[in-house]
Amino acid sequence: MIRLTIDGNPVDICDGSSVLAAARAAGATLPGLCSDDRISPQGSCRVCLVSVDGGHPVTSCTTPVREGMAVRTDDPRAVGAARLALELLVSEQPARALQIPADRSELVRACAHFGVTGSQFHGAGHARGVDVSHPYVKLDRDLCIACGRCVRMCAEVQGTFALSLAGRGFDTVVVAGAGESWLASPCVGCGGCVDTCPTGALAEPGLLDPAPIDRTTTTTCGYCGVGCSLRVHVRDEHIAAITPVHGAPVNRGHACVKGRFAHAFTRSRDRLTTPLIRTAGRDSPLRPATWDEALGVVAARLSAIRDRYGGEAIGLISSARATNEENYLAQKFARTVLRTNNLDNCSRLCHSPSAAGLTASFGLAGGTNPFDDLDRADCILVAGANPTEAHPVVGARIKQRVLDGARLIVIDPRRTDLVGFADVHVQAHPGSNVAVFNGIACALIDAGHVDEGFVRHRASGFHELTDVLRDYPLDRAAHLAGVDPATLAEAARLYGSARRPAIVYGLGITEHTHGTDGVRTLANLAILTGAVGTTDGCGVLTLRGQNNVQGASDMGALPDLLPGYQSVTDPHIRDRFSRAWGVEVPDRPGLRILDMFDAATTGRLHALYVIGEDIAQTDPDTRRVQAALAACDLVVCHDLFLSRTAEHADVVLPAVSFLEKDGTFVNFERRVQRVHPALPPPGQAKTDFEILHLLAAAMDADLGCPTPADAMAECASLTPTFAGITHARLDRDGPLYWPCRAPDQPGEARLYLDRFATPDGRAALAARPYLPPGEQPDRRFPFVLVTGRRLAHYNSGSMTRRTPNLDLVPREALDVHPDDAARLGLADGDVVEVASRRARVTFPVNVTDSVAPGQVFTTFAFPDQPTNALTSDCADTTTGCPEYKVTAVALRPG
């Protein structure tokens with residue numbers, strides 16, 4: 001720490017800090033129009049001038065602190081020069097610049113600080129116009145003071161480099177891209193430029209209204225699994241704007257186009273606001289009903305099915321969109337009221353191989369290290385993930401590390417955005433992950449990159465692994481993966497020679513027939529190099545898809561596991577829950593999601609209760625899902641909108657979004673964070689928590705846990721992993737990592753420093769051979785379809801398609817390599833029919849080299865293009881996770 005004085009008052013601050021940071025830490029008001037603590041200092045505006053040790057004025061934002069320095073913020077020379085610089089800036093501004101409310105303009109606040117109401121300087125004014133082409137960013141060029149904050153924010157924090165300053169002198173102004181409209185530029189809509197702009201030159205339309213904000217609520221984003229902290233600003237019971245929380249531990253004042261801007265769905269005209277029921281069978285239309293009527297129908301029919309066929313005739317699919325407390329209540333409802341373990345959530349369809357693989361390798365079903373450890377990493381291996389689109393805040397942080405000197409390895413069949421930053425791109429065939437990781441492991445051993453002491457004392461299975469790896473020398477592994485052996489060798493060299501390597505992976509590893517093997521063999525790399533369970537390595541981070549995929553499984557919404565991943569077949573564990581709940585917990589593991597569909601079509605499952613998932617759009621092999629829904633005697637769903645699944649339902653119950661509910665989420669790094677309601681529910685919509693309570697009561701049952709806080713407390717009392725977590729503590733102390741085993745423990749951000757949580761305390765190396773995908777191309781279906789996400793849309797698109805994000809990406813397209821497009825006579829925008837062994841779907845074509853020849857890519861965010869009608873029912877042999885990443889298809893020009 002460094003000690004200095006600010007206006008005669010002593011201040012202690014970290015070495016390397018700026019005088020501006022020290023002055024603000026001391027409580028001094030010191031404007032700085034070109035500074036933002038998230039970006040590098042520039043010292044161009046000259047408004048933050050101070051004197052140091054009685055010398056000439058200096059810019060405080062660019063001056064580092066040193067021991068014993070004496071700073072005066074009130075030095076007359078510094079104040080006078082700063083005021084003069086401010087007046088020069090004001091002289092170029094139109095009158096409206098100083099009419100913006102002070103809470104939305106640093107320029108206005110700086111003028112108030114210095115008492116500037118006009119300028120002694122007079123000259124030409126600007127008439128550069130306004131760009132309103134982008135739905136979320138308005139550029140008023142005449143308000144631009146060329147401070148460069150937006151340019152540095154875009155480059156240093158977002159890593160997009162979409163903005164620059166163009167022109168010279170008086171004519172300098174920010175431009176996007178090559179000067180085209182903002183909408184046509186490379187801008188990704190993160191809002192960082194809007195957030196940092198000191199004058200309102202870059203503004204969000206929702207904040208331009210001078211009317212005051214009624215209230216602001218801090219909550220956790222409900223889109224992807226990053227878990228960004230957001231402030232929701234409400235005016236007249238509508239969201240005026242959402243801004244990221246500066247200093248928040250996960251996103252550090254950053255956000256993405258979805259979390260920051262895509263909130264208009266909350267007031268969409270087609271929000272469900274009243275229960276809907278069918279009264280004359282599936283062919284009759286859904287009609288509005290009261291809650292009493294709808295719940296009465298559901299309660300009576302569920303009770304009848306349970307009493308006639310047993311609880312095993314009912315399946316419940318809980319939600320990765322719901323809070324931890326709602327998932328806890330859902331699994332309790334299934335086990336105590338429905339009397340079944342036929343319970344699952346959508347992590348089955350994305351990250352169940354992560355839970356199984358990480359548990360087998362290390363002992364716990366979550367990532368090993370905190371997100372902050374990426375700041376220490378000198379090499380990052382990104383496998384099967386496209387974070388700049390699916391987890392943009394993570395993608396931006398990875399770019400920051402690479403720009404700061406970290407090496408980057410990308411293992412992905414597509415040329416994702418991160419490939420442009422990578423030292424090595426292993427563009428392997430879809431489905432060849434195990435071959436790739438075995439080849440890299442073999443190269444690590446051959447090149448002497450193994451931490452022998454770590455493997456000897458803290459790992460098991462090394463000899464079994466080396467026996468398998470004899471079959472995967474670089475040449476063979478590379479041949480199986482379709483890559484150059486030198487590429488695999490360089491990836492092994494970079495990862496193996498790093499001092500603090502990190503692994504970040506996503507659905508491109510898990511959504512395969514051998515997804516669990518992919519996770520295990522990827523974990524091998526961290527174990528072999530001693531890069532996990534130590535203070536040196538940065539471990540393995542798994543990027544969860546939806547906002548609470550981690551939490552839904554943590555809370556026991558699984559057919560074989562109770563909360564905290566406690567086995568339902570263990571009589572001691574089951575007895576503890578049974579005594580607490582007052583009902584005997586069923587002892588047999590239940591059905592997984594895909595097994596529920598099979599059971600429905602064969603007459604063994606009679607009712608399906610779906611919470612917040614659109615299984616008819618997002619689950620694989622759509623026709624099989626539709627057949628299962630049609631075969632059930634009763635289908636019930638909770639949702640925000642009339643989804644494809646709701647169209648098949650007998651009863652549809654109106655639910656609320658993350659912006660309207662109370663509870664907690666768990667993000668991809670196991671951080672438990674609070675969720676607070678910013679809006680009242682629309683109409684008669686209710687939280688999933690309320691709905692489950694009301695339904696249980698209608699079935700003559702009491703679930704206890706009257707509030708979400710009570711549900712978390714009950715879960716903590718039964719689950720050692722969460723024993724120290726309560727709402728009161730989260731509200732007081734902020735987010736906590738699990739495991740958090742006692743109220744006086746801080747939680748374990750970095751796992752396994754003493755021992756692994758496996759039975760023998762050692763990390764388990766996995767000897768797994770490469771096995772081919774469940775479905776492979778042939779002469780009839782020669783292309784491989786890979787599915788994933790686009791930046792602007794999320795999952796099924798039910799929320800983002802009801803926002804101006806639709807202006808950014810108005811329709812889905814099929815990415816086709818230029819060579820394949822030329823051979824088929826296709827051009828951008830042409831219609832192509834995509835056929836698999838199950839269905840045919842048409843798409844417009846997007847010709848791009850982001851995909852390899854012989855491969856195509858699309859998403860399932862648009863229901864009019866039912867992508868999952870194409871995908872197969874092949875699934876991971878360990879967990880039942882579908883193989884979304886490999887589907888054999890044929891293309892035919894439309």
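All of the numbers you see were taken from the coordinates with simple rules; none came from a lab. What you see is a predicted model, and the numbers here were worked out from it, not measured in a lab. Because the Cβ atoms are built from the backbone with ideal geometry, glycine has one as well, and the counts that use them run over all protein chains shown.
List the lysines whose Cα lies under 22 Å from the Cα of LYS686, skipping any in the same chain that are fewer than 8 positions away.
Within the straight-line cut-off, LYS686 pairs with LYS332, LYS661.
Could you please state, rounded to a whole Å, how far the C-alpha centre of the range 256-272 is from the C-alpha centre of the range 152-167?
27 Å
Using 0.36 nm per residue of separation minus the Cα-Cα distance, give me the extension gain between ALA757 and ALA697 in nm, one decimal.
On the way: separation 60, 0.36 × 60 = 21.60 nm, distance 3.98 nm.
Roughly 17.6 nm would be gained on extension.
Can you list residues whose amide H is under 5 Å from VAL784's amide H, if they're 5+ apart or on another chain and H is modeled 1.01 Å from N?
Here GLN855, VAL856, VAL889 satisfy the definition.
Going by a ≥ b ≥ c, the root eigenvalues of the Cα gyration tensor, does the range 762-894 fall in the rounded group (a/c under 1.5), the prolate group (a/b larger than b/c) or the oblate group? It would help to have the intermediate numbers written out before the result.
Numbers: a/c = 1.92, a/b = 1.29, b/c = 1.49.
Because a/c hits 1.5 or more and a/b fails to exceed b/c, the range 762-894 counts as oblate.
Please list, in order along the range 75-89, the HN-Hα scalar couplings obtained from phi with the Karplus expression 6.51 cos²θ - 1.76 cosθ + 1.60 (θ = phi - 60°), rounded to whole Hz, x for Gly and Pro.
My calculation for the range 75-89 gives 4, x, 5, 5, 4, x, 5, 5, 4, 4, 4, 5, 5, 4, 5 Hz in order.
What's the magnitude of the charge dipole for the range 415-477 around its Cα centre, counting Lys and Arg as +1 and Asp and Glu as -1 at the beta-carbon? Answer in Debye, nearest 20. Could the numbers behind the result be given before it?
Values: 5 positive and 9 negative charges, 18 e Å.
Value, rounded to 20: 80 debye.
Please label the shape of the range 2-114 as rounded, prolate or oblate, based on the square roots a ≥ b ≥ c of the eigenvalues of the alpha-carbon gyration tensor (a/c under 1.5 means rounded; beyond that, a/b larger than b/c means prolate, else oblate). Don't skip to the answer; put the middle values down first.
Details: a/c = 2.15, a/b = 1.77, b/c = 1.21.
Judged from the Cα gyration tensor, the range 2-114 comes out prolate (a/c at least 1.5, a/b above b/c).
May I ask for the net charge around PRO739, where only other residues with Cβ less than 9 Å from the Cβ of PRO739 are counted and Lys, Arg are +1 while Asp, Glu are -1?
Values: positive: ARG670, ARG741; negative: GLU748.
Once all neighbours under 9 Å are counted, the net charge is +1.
If you find the alpha carbon centre of the range 1-16 and of the range 784-830, how far apart are they in angstrom?
54 Å
Among GLN673, ILE691, ALA655, which residue has its Cα positioned farthest towards the positive end of the charge dipole of the range 621-697, with +1 placed on the Cβ of Lys and Arg, -1 on the Cβ of Asp and Glu, and the dipole taken about the Cα centre?
GLN673
Provide the percentage of antiparallel DSSP beta bridges, counting only those with both residues in the range 783-893; round to the nearest 5.
Values: 15 of 22 bridges.
Percentage antiparallel, nearest 5: 70.
Which cross-chain or sequence-distant (5 or more) residues have an amide H under 5 Å from the amide H of THR340, H modelled 1.01 Å from N in plane?
ARG335
Pull out the extension gain between SER567 and ASP270, defined as 0.36 nm times the separation in residues minus the alpha carbon to alpha carbon distance; nm, one decimal.
On the way: separation 297, 0.36 × 297 = 106.92 nm, distance 4.14 nm.
Full extension from SER567 to ASP270 adds 102.8 nm.
Which of HIS449, VAL298, THR513 sits farthest toward the positive end of the charge dipole of the chain, with +1 on the Cβ of Lys and Arg and -1 on the Cβ of Asp and Glu?
Sorting the options by dipole projection puts first VAL298.
Output ³J(HN,Hα) for the range 768-780: one whole-Hz value per residue in order, computed from phi by the Karplus curve 6.51 cos²θ - 1.76 cosθ + 1.60 with θ = phi - 60°, and x for Gly and Pro.
Each residue of the range 768-780 in turn: 10, x, 6, 10, x, x, x, 10, 10, x, 9, 5, 6 Hz.
Please compute the net charge surrounding ALA300, taking Lys and Arg as +1 and Asp and Glu as -1 over other residues with Cβ under 14 Å from its Cβ. Mind showing how you got there, number by number?
Details: positive: ARG301, ARG306, ARG308; negative: ASP292, GLU293, ASP307, ASP633, ASP650, ASP700.
In short, -3.
Quick one: check the C-alpha center-to-center distance for the range 186-221 versus the range 64-142, whole angstrom.
After rounding, the separation between the Cα centres reads 19 Å.
Quick one: which residues, 5+ away or cross-chain, put their amide H under 5 Å from the amide H of LEU408? H built at 1.01 Å from N.
ILE380, ASP423, VAL424
Counting other Cβ atoms within 10 Å of each Cβ, which trypsin sites (Lys or Arg not before Pro) in the range 93-182 have at most 13 and sit in a DSSP loop?
Details: sites: ARG96, ARG104, ARG109, ARG128, LYS138, ARG141, ARG149, ARG152, ARG168; in loops: ARG128, ARG168.
Listed in order of number, the matching sites are ARG168.
Among residues other than THR273 whose Cβ falls under 13 Å from its Cβ, what is the net charge (Lys/Arg +1, Asp/Glu -1)?
Details: positive: ARG267, ARG269, ARG271, LYS686; negative: ASP270, ASP639, GLU660.
Overall, the nearby charge balance is +1.
With point charges of +1 on the Cβ of Lys and Arg and -1 on the Cβ of Asp and Glu, referenced to the Cα centre of the range 2-114, which listed residue (THR62, LEU86, VAL50) lies farthest in the positive direction of the dipole?
Going by the charge dipole, the pick is LEU86.
Step through the residues of the range 507-520 one at a time and calculate ³J(HN,Hα) from phi using the Karplus curve (6.51 cos²θ - 1.76 cosθ + 1.60, θ = phi - 60°), rounding each to whole Hz and writing x for Gly and Pro.
5, x, 9, 8, 7, 9, 4, 10, x, 5, 4, x, 5, 5
Taking the Cα centre of the chain as origin, sum charge times position over the Cβ atoms of Lys and Arg (+1) and Asp and Glu (-1), and report the length of that vector in debye to the nearest 20.
Values: 87 positive and 101 negative charges, 78 e Å.
The calculation lands at about 380 debye.
What are the aspartates and glutamates whose alpha-carbon lies under 20 Å from the alpha-carbon of LYS138, with same-chain residues fewer than 8 places away excluded?
Partners within reach: GLU92, ASP103, GLU106, ASP171, GLU180, ASP195, GLU204, ASP209, ASP807.
Classify the range 423-533 as rounded, prolate or oblate, taking a ≥ b ≥ c as the square roots of the eigenvalues of its Cα gyration tensor: rounded when a/c is under 1.5, otherwise prolate if a/b is larger than b/c and oblate if not.
Numbers: a/c = 1.41, a/b = 1.31, b/c = 1.08.
Judged from the Cα gyration tensor, the range 423-533 comes out rounded (a/c under 1.5).
Sorted from fewest to most neighbouring beta carbons within 10 Å, what does the list CYS379, CYS190 look like? Mind dumping the intermediate values first?
Details: CYS379 24, CYS190 30.
The fewest-first ordering by Cβ neighbours comes to CYS379, CYS190.
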